[in-house]
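Asker: What follows is a structure written as structure tokens; I'll ask about it next.
Rule-based calculations on the coordinates, nothing more; no lab input. None of the values given here were measured: they were computed from a predicted structure. So basically every Cβ, Gly included, is an ideal-geometry build from the backbone, and we count neighbours across all protein chains shown.
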Amino acid sequence: MTTSGFQKVTLPPMDEYNQKLISYCHPPDWVNPKPADYYDLVVIGAGTAGLVVAAGAAGLDLGLKVALVEKYLLGGDCLNVGCVPSKCMIRSSRVVGEMWEAKAFGINPPEQIEVDFPAVMERMRRLRSHISPHDSAERFQKLGVDVFLGDGCFLDNNIVQVGDQKLRYKKAVIATGARAVKPAIAGLSEAGFLTNETVFSLTELPQRLAVIGGGPIGCELAQTFQRLGSQVILFHKGSQILNKEDSDAAEIVQNVFVREGIQLVLNSQIERVEKTPEGKVIHFRSNGSVSSIAVDEILVGTGRAPNVEGLNLTAVGVEFDQRKGVKVNDFLQTTNPKIYAAGDICMNWKFTHAADAAARIVIKNTLFSPFGLGKSKLSDLVMPWVTYTDPEIAHVGMYQREAEEKGLQVNTIKIPFSSVDRAIADGEEAGFLKILHKKGDDEILGATIVSRHAGETISEITTAMVNKVGLNGLSNVIHPYPTQAEAIKKAADSYRRTLLTPTSKKLLGLLTKFS
């Protein structure tokens with residue numbers, strides 16, 4: 001046994017909750033096991049994809065030997081610096097948003113809403129540490145996985161090295177994820193900046209916060225910090241935030257941002273950052289004019305870069321790109337047939353649930369397909385996603401622009417939530433449901449939902465798409481009244497009305513008249 005190659009991990013602030021998290025996800029007293037003679041599967045990276053592959057393979061009761069290698073914290077971005085901490089903060093910020101709206105519901109909130117930012121962050125750390133045992137080294141050890149803490153890299157076509165230990169494998173999986181991209185802005189490094197990897201370590205609220213990037217990460221955190229008391233300035237190079245989403249949906253969220261006091265700087269180009277006694281001064285261009293603004297902190301949310309460094313991929317014939325990551329085929333197999341990849345390291349879908357789904361593909365294709373049980377394809381996945389602003393934007397399948405690019409004839413059904421009784425009762429009429437279907441057919445090609453609970457609603461449509469249930473089938477589903485999901489029923493009924501012939505419409509009118 002050895003701890004060679006083991007690096008001590010810290011996660012500021014080192015309070016009882018972060019110490020608890022580390023004790024589970026990178027125990028300081030961990031001793032790497034003696035390697036087995038051979039592993040059926042060696043997984044490098046213990047984020048979502050790596051954990052699902054390791055647990056799935058070890059839990060098959062086939063006597064497989066599985067090794068899992070992680071240099072930092074088990075749980076990866078999702079647990080430690082992504083989904084879990086961000087959603088904890090978002091929930092706190094939603095309380096503020098609800099209090100802002102309370103008067104419209106006949107509730108008189110206090111004139112001054114006091115946010116205890118250190119308490120918000122302590123709550124986040126407490127809940128994160130409470131979830132961490134699920135991803136712990138001890139749990140995976142009990143599942144039968146050999147857990148190695150340290151840097152892993154390929155030596156040759158059947159060996160992964162961790163410290164001074166060599167893990168021989170039949171097949172390997174690369175699941176090292178991605179990290180925040182640092183934009184090439186003069187003076188940014190010298191002035192200092194935050195990313196998703198550091199922002200959740202804050203214990204004091206930045207009074208003035210610049211957010212660079214109007215994509216999902218930037219928008220979620222911009223609204224969160226604005227509600228918690230920061231004055232947020234959001235810089236985005238496009239003319240509309242969330243410009244990869246449905247433009248009608250993005251417009252609703254953008255209008256909310258403006259109403260809540262977020263300062264939007266669109267069509268912007270940041271030229272340089274300067275550290276001064278007044279703060280970090282951002283010099284920028286926007287819509288042809290030059291200006292500058294001083295802030296206390298800068299949060300960068302401009303994309304993700306794959307973690308391909310240090311793996312020695314060239315030595316084992318695995319092709320990769322510094323921007324796109326590891327090259328894989330539709331079966332998630334790399335250019336080395338013995339090595340697969342899953343998650344942010346190789347996929348355009350950089351979501352936890354996408355990494356989970358990809359991991360399941362890898363398990364089947366590495367362990368079952370050699371026995372003639374068939375292969376699973378990445379292209380067969382129907383992938384939903386959600387931007388957790390308030391309101392949320394949830395999407396699955398194609399956008400209309402994508403359908404048009406493919407030459408598909410489509411129709412769009414749009415149901416405003418102002419026509420949905422429960423949304424009216426909830427005071428949430430601003431959103432909509434939009435369903436895209438084949439022209440002359442009820443096959444659903446895609447959908448977008450904008451509502452406070454869009455992420456909870458989209459799965460019904462995803463389920464229908466996965467199981468080839470069209471709008472006709474959805475119209476037969478009874479929805480409890482009143483719910484916001486009734487919008488789906490309304491959309492399906494809207495489609496069925498288009499099938500009525502003139503004669504049937506006339507007959508229906510007569511029946512209605514004499515009933």
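Asker: For region 160-175 and region 218-296, what is the separation of their Cα centres, given in Å?
Answerer: Centre-to-centre distance over Cα atoms comes out at 44 Å.
Asker: May I pose another question? For the chain, count the residues as N, evaluate 2.2 N^0.38 Å, and divide the Cα radius of gyration by that value, please.
Answerer: Normalised Rg, Cα atoms only: 1.07.
Asker: Moving to a separate point now. Please report, in debye to the nearest 20, how large the charge dipole of region 188-302 is about its Cα centre when each Lys and Arg carries +1 at its beta carbon and each Asp and Glu carries -1 there.
Answerer: Dipole of region 188-302, to the nearest 20 debye: 220 debye.
Asker: Counting Lys and Arg as +1 and Asp and Glu as -1, what is the net charge of the other residues whose Cβ lies under 13 Å from the Cβ of N243?
Answerer: That sum, taken over residues with Cβ under 13 Å, equals -1.
Asker: Would you kindly state how much longer the chain becomes between I159 and V31 on full extension, computed as 0.36 nm times their sequence separation minus their alpha carbon distance, in nm to one decimal?
Answerer: Here the segment from I159 to V31 would lengthen by 44.0 nm.
Asker: Could you list which residues have their amide H under 5 Å from that of R272, counting only those 5 or more apart in sequence or on another chain, with H placed in the peptide plane?
Answerer: It is H283, by chain and number.
Asker: Another question, then. How high is the relative contact order of region 391-500, in percent, with contacts defined as C-alpha pairs under 8 Å that are six or more residues apart?
Answerer: 29
Asker: Any idea what the relative contact order of the chain is, in percent, if you count C-alpha pairs under 8 Å spaced at least 6 apart?
Answerer: 13
Asker: Please compute the length gained on full extension between T463 and E319, using 0.36 nm multiplied by the number of residues separating them and subtracting their Cα-Cα distance.
Answerer: Result: 48.3 nm gained on full extension.
Asker: Using DSSP, restrict attention to beta bridges with both residues in the chain and report what percent are antiparallel, rounded to the nearest 5.
Answerer: Given both bridge residues lie in the chain, the antiparallel proportion sits at roughly 65 percent.
Asker: Another question about this same structure. Arranged from highest to lowest average of other beta-carbon atoms within 10 Å per residue, in what order do the peptides 392-400, 470-478 appear?
Answerer: In decreasing order of mean packing, 392-400, 470-478 become 392-400, 470-478.
Asker: Follow-up question, since we're still on this one. With the crude spin-label approximation of a point 7 Å out along Cα→Cβ, what separation in nm comes out for R272 versus E429?
Answerer: For R272 paired with E429, the spin-label model returns 5.2 nm.
Asker: Next question, about the same structure. Taking 7 Å along the Cα-to-C-beta vector as the label spot, tell me the Q112-E204 distance in nanometres, rounded to one decimal.
Answerer: 2.0
Asker: Helix hunt in the chain: which complete DSSP H runs extend at least 24 Å axially by C-alpha with mean Kyte-Doolittle at least -1.0?
Answerer: Going by DSSP H runs, the hits are 83-100.
Asker: Placing +1 at every Lys and Arg Cβ and -1 at every Asp and Glu Cβ, with all other atoms neutral, what dipole size does the chain have around its Cα centre, in debye to the nearest 20?
Answerer: With only Lys, Arg, Asp and Glu charged at Cβ, the dipole is about 1320 debye.
Asker: DSSP loop (so not H, G, I, E, B), at most 16 other Cβ within 10 Å: list which trypsin sites (Lys or Arg not before Pro) in region 388-465 pass both filters.
Answerer: Passing sites in region 388-465 are K406, K439.
Asker: Okay, next question. Give me the one-decimal nm value for the distance between modelled label points at D15 and E405, 7 Å along each residue's Cα-to-Cβ direction.
Answerer: So the label points at D15 and E405 sit 4.5 nm apart.
Asker: Taking the beta-carbon count within 10 Å as an exposure proxy, list S418, S289, S451 from fewest neighbours to most.
Answerer: S289, S418, S451
Asker: As an exercise, use a Förster radius of 56 Å and the Cβ-Cβ distance of Q7 and I478 to find the FRET efficiency, rounded to the nearest 0.05.
Answerer: 0.50
Asker: PRE reach from N329 (point 7 Å along Cα→Cβ): which of region 337-358 fall under 14 Å by backbone N?
Answerer: Label zone hits: 337-341.
Asker: Further question: Between K438 and F368, what is the FRET efficiency for a Förster distance of 25 Å, r being their Cβ-Cβ separation, to the nearest 0.05?
Answerer: With a Förster radius of 25 Å, E is 0.15.
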